[in-house]
Amino acid sequence: MIYSDGKPYYSLNNAYRQKFGRKAVKISLDAGFTCPNRDGTLGTRGCIFCSQKGSGDFTAKGSSIIEQIAYGKNQKKWQGQFPCYIAYFQAFTNTYAPVTVLKKCYEQAICCDDVVGISIATRPDCLGEDVLNLLSEINEKIDVCVELGLQTIKQSSIELIRRGYQNDVFEKAVLELSKRNIEIVVHIILGLPYESKKDMIDTIKYINHFPVNGVKLQLLYVLSDSDLAQYYKQGNFETLCLESYVDIVCDCIEYMRPDIVIHRLTGDGDAENLIAPLWSKNKRLVLNTIHKTLKQRNAFQGKKYIK
Ligand code: SF4
C-alpha cells in the first residue's frame with residue numbers, strides 16, 4: 001500500500017498536510033520543568049539514556065516560551081515556506097507542575113501567531129485528573145497531542161532503563177487521553193541492550209491494540225552525559241549497526257497498524273555529545289537506506305499487521 005504522498009508508510013508530513021493543509025513545523029521548547037525520575041520522587045539519575053537536558057537537546061534558544069517560539073520560527077530553513085507551527089514541549093516532563101503553571105505555559109504557546117497545535121512530551125504517570133481536564137480544555141481551543149515515553153514493554157528492559165512505571169500505567173493513560181479525544185503519540189526505542197528483534201516487534205504489536213495515533217521510532221544512541229555512557233564504556237552492550245537498525249525498522253513498519261502516523265524513523269542525538277553509533281549522525285543516509293530497503297522488500301506499513 002502506498003500513502004497519498006507516495007511513501008509506503010504514514011508519514012508525519014503527510015498527516016500534517018492532511019490536517020492543516022500546509023507544512024507544519026515543530027518547535028522544540030524547554031519550559032523549565034523537571035521530572036519525577038530526576039527530582040528524587042522516583043529517582044535522581046533519570047532514565048538511563050536521558051541527557052542532562054532531559055532529552056530536550058534541540059530546544060530553541062530563549063528564556064520565555066514566546067521567545068523560544070519566535071527563535072524557532074526565525075530559522076533560515078523555514079524562510080519562504082510559510083509553514084504553520086506546533087509548539088513542542090519537549091524537555092523533561094511537561095505535565096509535571098501545578099496546573100496553574102502548566103496552563104500559563106500552554107496558553108503562552110497557543111497565543112503565538114501561526115501556532116496551530118501543541119505537543120506535550122510526558123510520562124503516563126504524570127497525568128492526574130486535574131492535568132487531564134486542563135489538556136481537555138486546551139484541546140477545545142487548539143490541537144493537543146500528548147507524547148508518551150513508553151520505549152519498550154519488556155520487563156527486564158523497563159528495569160534496566162529505570163523507566164519507573166509499569167505498562168498498566170501506560171494503558172490507563174492512553175484510555176484517559178483517548179476518552180478526551182486527545183491525540184496520542186508513543187515513543188519507542190529500538191536497540192535497547194539485550195532486546196531481540198522479536199522483543200521490539202512485540203512492543204509494536206502491543207501498541208497496535210490501543211487507540212494510539214502516532215509512534216516515534218527512535219534508535220538507541222549513547223550520549224556522553226547519560227548514565228548509559230558508563231554502561232556502554234564498561235562493554236555491557238553494543239549499539240546497533242546501520243544494517244541491523246534498518247532491518248528492524250522495516251519489520252516494525254510492516255507490523256504497525258496502517259493508520260498510525262510514523263513521526264520518526266531514526267534517532268537524532270546531539271552530535272557533540274554522541275558516543276555511539278556514529279553512523280546515526282548521517283540522518284539522510286539512514287532515511288535513504290530505510291526507503292531503499294522498504295522498496296527492495298516490497299514492504300509497506302501494515303503488511304504483516306494482524307488484527
Ligand atoms: S522520563 Fe523523560 S525526562 Fe524523565 S528521566 Fe526519563 S527520559 Fe528523562
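Can we say Leu127 is among the hydrophobic types (A, V, I, L, M, F, W, C), out of contact with any strand residue (DSSP E or B) (no Cβ under 9 Å at 6 or more places or on another chain) and modelled with pLDDT of 95 or more? Explain how you work it out, then say what you get.
Numbers: among the hydrophobic types (A, V, I, L, M, F, W, C): yes; out of contact with any strand residue (DSSP E or B) (no Cβ under 9 Å at 6 or more places or on another chain): no; modelled with pLDDT of 95 or more: yes.
Criteria not met by Leu127.
For Ser28, which of the numbered conditions (1) farther than 14 Å from Phe92 by Cα; (2) assigned to a strand (DSSP E or B); (3) among the hydroxyl-bearing types (Ser, Thr, Tyr) fails to hold?
Status for Ser28: all satisfied but (1).
Give Lys233, Lys205 a once-over and let me know the one that is charged (D, E, K, R), within 24 Å of Ile262 (Cα to Cα) and at pLDDT 95 or above.
Result: Lys205 is the single residue among Lys233, Lys205 that is charged (D, E, K, R), within 24 Å of Ile262 (Cα to Cα) and at pLDDT 95 or above.
Output the number of the condition that Ile158 fails; it satisfies all remaining conditions of (1) farther than 18 Å from Ile207 by Cβ; (2) in a helix (DSSP H, G or I); (3) not hydroxyl-bearing (Ser, Thr, Tyr).
Here Ile158 meets the rest and fails (1).
One line per residue, one yes/no per condition, for (1) surrounded by 13 or more Cβ atoms within 10 Å (Cβ to Cβ); (2) hydroxyl-bearing (Ser, Thr, Tyr); (3) at pLDDT below 95:
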residue: Ile262; (1), (2), (3): yes, no, no
residue: Leu265; (1), (2), (3): yes, no, no
residue: Ala271; (1), (2), (3): no, no, yes
residue: Ala276; (1), (2), (3): yes, no, no
residue: Asn288; (1), (2), (3): no, no, no
residue: Ile306; (1), (2), (3): no, no, yes
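Please determine whether any residue of segment 43-51 is in a loop (DSSP other than H, G, I, E, B), within 16 Å of the ligand (Cβ to nearest atom), aliphatic (A, V, I, L, M) and in contact (Cβ under 8 Å) with a residue 40 or more places away in the chain. Before the answer, list the steps.
Going through segment 43-51, the residues in a loop (DSSP other than H, G, I, E, B) turn out to be 43-51.
Add one more test, that the residue is within 16 Å of the ligand (Cβ to nearest atom), and what stays is 43-51.
Next, only the ones that are aliphatic (A, V, I, L, M) stay: 48.
From what is left, the residues that are in contact (Cβ under 8 Å) with a residue 40 or more places away in the chain are 48.
Yes, there is a match, as at least one residue in segment 43-51 is in a loop (DSSP other than H, G, I, E, B), within 16 Å of the ligand (Cβ to nearest atom), aliphatic (A, V, I, L, M) and in contact (Cβ under 8 Å) with a residue 40 or more places away in the chain.
Which one is modelled with the lowest pLDDT among residues in segment 52-70 that are assigned to a loop (DSSP other than H, G, I, E, B), more than 10 Å from the ligand (Cβ to nearest atom) and buried (at least 20 other Cβ atoms within 10 Å of the Cβ)? Working first, answer last.
Quick first cut of segment 52-70, residues assigned to a loop (DSSP other than H, G, I, E, B) only: 52-64.
Filter again for more than 10 Å from the ligand (Cβ to nearest atom), leaving 57-64.
Imposing the further condition that a residue be buried (at least 20 other Cβ atoms within 10 Å of the Cβ) reduces the set to 57, 59-60.
On the way: Asp57: 70, Thr59: 74, Ala60: 67.
My answer is Ala60.
Which ones in segment 57-99 are free of Cβ contacts under 8 Å to residues at least 24 places away in the same chain, more than 25 Å from Arg22 (Cα to Cα) and among the small types (Gly, Ala, Ser)?
Gly62, Ser63
Only one residue in Tyr85, Tyr96 is more than 16 Å from the ligand (Cβ to nearest atom) and not basic (Lys, Arg), so which one is that?
Within the list Tyr85, Tyr96, the selection yields Tyr85.
Considering Leu219, Leu223, Leu294, which residue is under 14 Å from Phe49 (Cβ atoms), crowded, with 16+ Cβ neighbours inside 10 Å, touching a Pro at 6+ places or on another chain (Cβ under 9 Å) and not hydroxyl-bearing (Ser, Thr, Tyr)? Can you show your working first?
Numbers: Leu223 fails: touching a Pro at 6+ places or on another chain (Cβ under 9 Å); Leu294 fails: under 14 Å from Phe49 (Cβ atoms).
Within the list Leu219, Leu223, Leu294, the selection yields Leu219.
Identify all residues within segment 8-35 that are within 12 Å of the ligand (Cβ to nearest atom) and either more than 30 Å from Ser157 (Cα to Cα) or surrounded by fewer than 18 Cβ atoms within 10 Å (Cβ to Cβ) (or both); write none if there are none.
Scanning segment 8-35 gives a single hit, Thr34.
The values are calculated or read from the model by the stated rules, or taken from the named source; none is laboratory data. Remember, predicted model here, so these are calculated numbers, not experimental data. Glycine gets a Cβ as well: all are built from the backbone with ideal geometry, and neighbour counts include every protein chain shown.
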